[in-house]
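Engineer: Starting off with a structure, shown below.
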Amino acid sequence: MKRIFSSPAGVLLGALIALLAGCSNRTNVSAIGNVPGTYSHVYITAQAVWFNQSSTAGPDDGGWTKFTLSTPVTVDLIADSNGNFGSLLTDLNLVPGSYSQVRFIPVDPTTPLTTSAQTIGATYNCEADYIDSAGVTQTLPLELLNPDKGIGIVTTLNVPIGNIGAALSSTSTSSTSASTTTGAFGSTVSTPASPTTGTTGTTTTTTTSNFVLAIDAVRDLAAFTYGGTNNAGFNGVMWSQHVSAYDLAVSGGIQGTLTLTNLTGISAPSGVPAIEVSAEILTSDGSRHEVVASTPVASDGTFTLYPLVANSSLNTYYDLVIHGPGIATIIVKQVIIPPYGSSSVSAGTTSTTNGTTTSTTDSTTTSSTATDDLTIVPQNLVSIGTLIPRAATSFTANIAPPANQLLPAGSAVSFYQTLPGSGNVPYVIETSAIDPFNQDLAIPQSLSTGTIDSGTYVSSGSTVTVTSAAAREGAGVYQVAATAPLYNDGTLGIEVKAPASASSSSTSTTTPPPQSVTVANLSLASGGTPATLNASVHLASGTRLDQGELLVSNNGQLIATTSLNSVLAAGGGTVQLTTLPGGTSSSLFYVTVRAWSSSAPSSTVTRVWSDTPVDLRSSSSANLELTVN
């Protein structure tokens with residue numbers, strides 16, 4: 001006869017399993033955006049979100065936990081900004097653990113219009129609507145790079161085990177009612193009414209994790225020109241992503257109010273104030289500041305810059321830059337975000353969307369239905385109080401590429417100014433993505449000619465005392481440098497300055513042309529080595545396309561482009577890119593071809609992307625074949 005013995009350890013294990021059975025996790029994913037006033041809508045439609053514990057896993061590698069929406073969801077980054085969030089997926093059953101990468105899978109604008117996009121008023125699944133120089137709204141598809149492979153976001157997101165303490169203290173009841181409780185890390189969890197489990201009446205407790213994808217369209221939307229221009233000077237918009245992912249349980253934020261009553265002429269084409277607020281920190285080499293998050297200022301002058309990374313036990317410091325072409329820049333130094341969980345303001349969640357999600361982990365498919373409503377209330381907020389910006393005139397600037405080398409196609413150009421005094425380093429005042437095909441700014445950057453108001457944060461809600469002074473570079477003078485993924489930041493020291501007429505009180509209606517500046521070349525980031533791609537592009541029989549571009553991307557970020565005009569005109573051939581950033585764990589690339597007919601460029605655009613990766617992580621060269629049809 002077989003005997004079964006129960007050891008103390010076995011009893012403990014059984015008790016732990018029973019305890020964890022009374023604990024569950026729920027993960028929600030939302031989006032928030034920052035969009036320039038040139039745009040009236042930026043629609044993005046989501047079809048899936050993946051998670052991986054490896055920060056370097058490619059889209060075809062293993063280890064992905066995949067959640068696919070049975071019904072895609074569309075958000076508008078104009079509405080979902082300034083503390084408002086668009087819900088993407090709710091009630092995901094994500095296994096507790098630490099995740100180092102999120103991959104967002106959008107719906108390409110060339111596919112049939114989804115119900116959610118149609119309902120929200122979009123023409124395309126991903127779309128950018130902008131106001132041209134004649135005041136007319138233009139609607140363009142927001143072009144994606146290898147959309148099937150998605151957008152990879154390196155981050156740190158933690159899914160804790162369910163609230164064990166609550167499970168231990170549960171009482172014998174037959175059911176639970178809807179309630180709001182304090183969950184892990186100080187977040188507030190709204191739990192809908194649900195039955196209890198087990199014959200003893202043990203209550204099932206839920207710990208909710210809220211993750212947010214923050215999309216800064218100022219940096220991510222690259223306007224470009226091909227085959228002619230229109231009233232805005234560009235006729236295409238591409239999403240070259242630099243998305244950040246946040247865990248709201250370990251976040252904070254900054255609020256404030258600007259008094260706008262004394263300002264005139266500051267409205268962007270879309271009608272909102274042309275003012276943004278950016279949180280900045282020092283770069284790792286300490287040479288300059290970099291933007292970590294931005295938000296637009298609302299029409300009433302208020303703003304909520306959230307989320308920002310907070311610390312578990314120490315204060316986190318950010319410098320705040322309030323900027324726009326029609327105001328004197330304001331810099332508030334050393335704004336303190338206290339440790340998360342220490343603030344009286346917490347994040348509550350109720351649901352904004354109902355729907356069914358399908359969870360795919362390797363070959364296993366399950367379904368999870370969201371039945372409650374999700375609303376995110378920002379937590380751990382501090383206030384800089386009320387500030388009164390001063391009016392300023394403006395001028396525009398554009399760039400010329402370096403004389404002996406093109407900028408990486410995914411570059412952005414930043415305009416910097418430095419506070420006077422020793423020990424200060426430049427702040428980013430304005431940033432714009434370059435036109436990847438023409439190596440300039442499709443929309444010239446508007447810059448303030450004013451001096452800078454600066455002060456230091458005291459405490460939440462207290463008045464910040466500011467003083468006015470010209471930047472070290474001079475009023476209306478900016479240092480200009482490019483940045484790009486997988487490349488070192490550009491050299492500082494190159495300047496552009498306002499023309500004399502920009503600060504004049506003259507009533508002349510003549511607008512000076514943009515001031516031109518040639519920026520410095522970029523070098524490969526540490527560890528990178530130049531690598532070569534040989535791409536053979538063929539035209540399918542009967543295809544009549546004679547112009548085009550080959551685009552190389554990494555995790556949805558544009559890295560390089562090269563012209564296909566001569567290859568397509570010849571019916572096919574090979575192009576070579578010789579300076580791709582190879583030799584690192586990030587050197588995994590995918591290729592997209594964008595082709596059109598010179599006789600009708602706006603109506604014949606064909607986009608084709610390859611499923612085969614260009615793997616230059618340990619190789620100095622790769623070959624690829626692609627057919628355009």
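Please treat every number below as a calculation from the coordinates, not as lab data. For clarity, every value in this text was computed on a predicted model and none was experimentally measured. In this analysis, Cβ positions are derived from the backbone assuming ideal geometry, glycine residues included, and neighbour counts consider all displayed protein chains.
Engineer: Counting only other residues whose beta carbon sits under 13 Å from that of TRP609, what net charge do I get with K and R as +1, D and E as -1?
Structural biologist: Net of charged neighbours comes to -2.
Engineer: Any idea what the dipole of the range 488-629 comes to, in debye rounded to 20, about its Cα centre with Lys/Arg Cβ at +1 and Asp/Glu Cβ at -1?
Structural biologist: In debye, rounded to 20, the range 488-629 gives about 180.
Engineer: With a sphere of radius 12 Å drawn around the Cβ of VAL218, what net charge do the other residues whose Cβ falls strictly inside it have (Lys, Arg +1; Asp, Glu -1)?
Structural biologist: -3
Engineer: Name the residue from GLN118, THR74, ASN158 whose Cα lies farthest towards the positive end of the charge dipole of the range 60-166, charges +1 on Cβ of Lys and Arg and -1 on Cβ of Asp and Glu.
Structural biologist: Of the candidates, ASN158 comes out farthest on the positive side.
Engineer: Sticking with this structure for a sec: Using the Cβ atoms and a cut-off under 15 Å, what net charge is assigned to the surroundings of ILE331, where Lys and Arg are +1 and Asp and Glu are -1?
Structural biologist: Around ILE331, the charge tally is -3.
Engineer: Take each of the peptides 260-269, 70-79, 212-221, average the number of other beta-carbon atoms within 10 Å over its residues, and list them starting from the highest.
Structural biologist: 212-221, 70-79, 260-269
Engineer: Given H placed on each backbone N at 1.01 Å, which residues far from ALA470 in sequence or on other chains put an amide H within less than 5 Å of it?
Structural biologist: ILE452
Engineer: Convert each backbone phi in the range 428-440 into a coupling constant with the Karplus relation 6.51 cos²θ - 1.76 cosθ + 1.60 (shift: θ = phi - 60°), then list the ³J(HN,Hα) values in order as whole Hz, x for Gly and Pro.
Structural biologist: 6, 9, 9, 9, 8, 6, 7, 6, x, 9, 10, 6, 9
Engineer: Continuing with the same structure: Under 14 Å between alpha carbons, and skipping anything fewer than 8 positions from LYS66 in its own chain: which aspartates and glutamates qualify?
Structural biologist: ASP91, ASP148, ASP362
Engineer: Given R₀ = 30 Å, FRET efficiency for ASN629-THR71 by Cβ-Cβ distance, to 0.05?
Structural biologist: 0.50
Engineer: Which aspartates and glutamates have a Cα lying under 15 Å from the Cα of LYS149, excluding residues fewer than 8 positions away in the same chain?
Structural biologist: ASP60, ASP61, ASP108, ASP611, ASP615
Engineer: Sorting check: for 520-532, 240-252, which peptide has the highest mean count of neighbouring beta carbons within 10 Å, and how do the rest follow?
Structural biologist: Ranking the peptides 520-532, 240-252 by packing returns 240-252, 520-532.
Engineer: Then there is this: Need one number: nm distance between label points at THR510 and THR578, each 7 Å from Cα along Cα→Cβ, rounded to one decimal.
Structural biologist: A separation of 4.6 nm, rounded to one decimal place.
Engineer: So how much slack lies between SER618 and GLN334, counting 0.36 nm per residue of separation and subtracting their Cα-Cα distance, in nm?
Structural biologist: Once the chain is fully extended between SER618 and GLN334, it gains 98.0 nm.
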